[in-house]
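Asker: The structure's right below; bear with me while I get my questions together.
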């Protein structure tokens, strides 16, 4: 291993995530926020693809398992269609925030605070909503929806977006909804959205990124790989989206120092005695096939 490779492995995660934050902040002063966010997301996505090619973590995860078509279908539906459908929700939240602000005698969100402090507050609110929903999704009937995300048999950047549309929509409501209702500053919301999107891709990357002490602050690839374990007790850990703050507070952080994250990932469940469905349409229908889940429980 060359010195350059070692440096790249340690620098990749903070550079891509930190660069995304700096990028959207700089570009927001030069173009509309949606454009700034799109440019940064595309650039980060290309950087992650490059890292996977140059610094592979597990070579077995580079082998296609007939899953690319399914992931692309989720990208088209969940990643594009639902984001477009979420626009009316955001408009309604903005109107509600205006009404609440008027009732409160002024804006609820502390826009007069320094931008960095506003972003820190927004992260805590975002993470709390994400943590509560994510934990419920592993302990209640919501697992039927969330299990779609855990159906992947290997981790790489593309399958980060594999989520049932309803699960994805609930996640947007739980994380972004409270901030929009509070009237969060648009730039802060753009910064947070970019951080959430880029870190979601980074979590699932098949790139060998060394993150060291950052594993105590962020949901890094190393931390998130434990969450995709087939062992039920392990996949109920590391529930944060960007930060590990609530996992640490509630004791759900997992990072055993004596072993590597599992190579075999998946739901850890069977439905009606068969492997979890792996095609797009079958996965969309699976949460609502009560007979299958009854058979699995029995």
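Coordinate-derived values only; no laboratory data. These figures come from a predicted structure and were not determined experimentally. Neighbour counts are summed over all protein chains in view; Cβ atoms, including those assigned to glycine, are modelled from backbone coordinates with ideal geometry.
Asker: Using bins 10 angstrom wide from zero, how does P(r) for the chain break down, in % of all Cα pairs?
Answerer: Result, from short to long distances: 6, 26, 36, 23, 8, 1, 0 percent.
Asker: Based on the alpha-carbon gyration tensor of the stretch 1-46 and its eigenvalue square roots a ≥ b ≥ c, which shape applies: rounded if a/c is under 1.5, prolate if not and a/b is larger than b/c, or oblate?
Answerer: Prolate.
Asker: I would also like to ask the following. Using Cβ contacts closer than 10 Å as the measure, can you line up 63, 127 from fewest to most? Provide the component values of the computation, followed by the final result.
Answerer: Details: 63 8, 127 24.
Fewest to most other Cβ atoms nearby, the residues stand as 63, 127.
Asker: Could you give the length gained by full extension between residue 249 and residue 288, i.e. 0.36 nm per residue of separation minus their alpha carbon distance, to one decimal place?
Answerer: Computed gain between residue 249 and residue 288 is 10.6 nm.
Asker: Normalised by the number of residues in the stretch 124-214, what is the relative contact order in percent for Cα pairs under 8 Å and 6+ residues apart?
Answerer: Working: 59 pairs, mean separation 33.7, N = 91.
Dividing the mean separation by the residue count of the stretch 124-214 yields 37 percent.
Asker: Related question: Where Rh denotes the Kirkwood radius from the mean inverse Cα pair distance, what is Rg over Rh for the stretch 24-70?
Answerer: 1.19
Asker: Could you order the peptides 215-222, 66-73 from most to least packed, using the average number of other C-beta atoms within 10 Å per residue?
Answerer: Highest-to-lowest ranking by the protection proxy: 215-222, 66-73.
Asker: Between rounded, prolate and oblate, where does the stretch 123-229 land on the alpha carbon gyration tensor, with a ≥ b ≥ c its root eigenvalues, rounded for a/c under 1.5, else prolate if a/b exceeds b/c?
Answerer: oblate
Asker: So, one more: Over the stretch 145-298, what is the relative contact order in whole percent, taking alpha-carbon pairs under 8 Å and six or more residues apart?
Answerer: Numbers: 183 pairs, mean separation 36.0, N = 154.
Answer for the stretch 145-298 is 23 percent.
Asker: Nearest 500 deg cm²/dmol is fine: what mean residue ellipticity at 222 nm does the chain get from its DSSP H runs of n ≥ 4 alone, each adding -39,500 (n - 2.57), divided by its residue count?
Answerer: -18500 deg cm²/dmol
Asker: Further, regarding this structure: Fewest to most neighbouring Cβ within 10 Å: what's the order for 211, 279, 2?
Answerer: So the ranking, lowest neighbour count to highest, is 2, 279, 211.
Asker: Right, another one. Relative to the present Cα-Cα distance, how much length would full extension add between residue 112 and residue 39 at 0.36 nm per residue of separation? Don't skip to the end; give the middle numbers.
Answerer: Details: separation 73, 0.36 × 73 = 26.28 nm, distance 2.79 nm.
Answer, rounded to one decimal: 23.5 nm.
Asker: Please report the relative contact order for the chain, taking Cα pairs under 8 Å with a sequence separation of at least 6, and give it as a percent rounded to a whole number.
Answerer: Relative contact order for the chain comes out at 24 percent.
Asker: If you don't mind, there's one more thing I want to ask. Hey, fewest Cβ within 10 Å first, where do 169, 189 land in order?
Answerer: Working: 169 17, 189 22.
In order of increasing Cβ crowding within 10 Å: 169, 189.
Asker: Rounded to the nearest 0.05, what FRET efficiency do residue 259 and residue 281 have when you use their Cβ-Cβ distance and R0 = 51 Å?
Answerer: Calculated value: 0.85.
Asker: Right, next: Can you give me the orientation-averaged projected area of the convex hull built on the Cα atoms of the stretch 149-298, in nm²?
Answerer: Spelled out: convex hull of the Cα atoms, projected over all directions, averaged, 10.5 nm².
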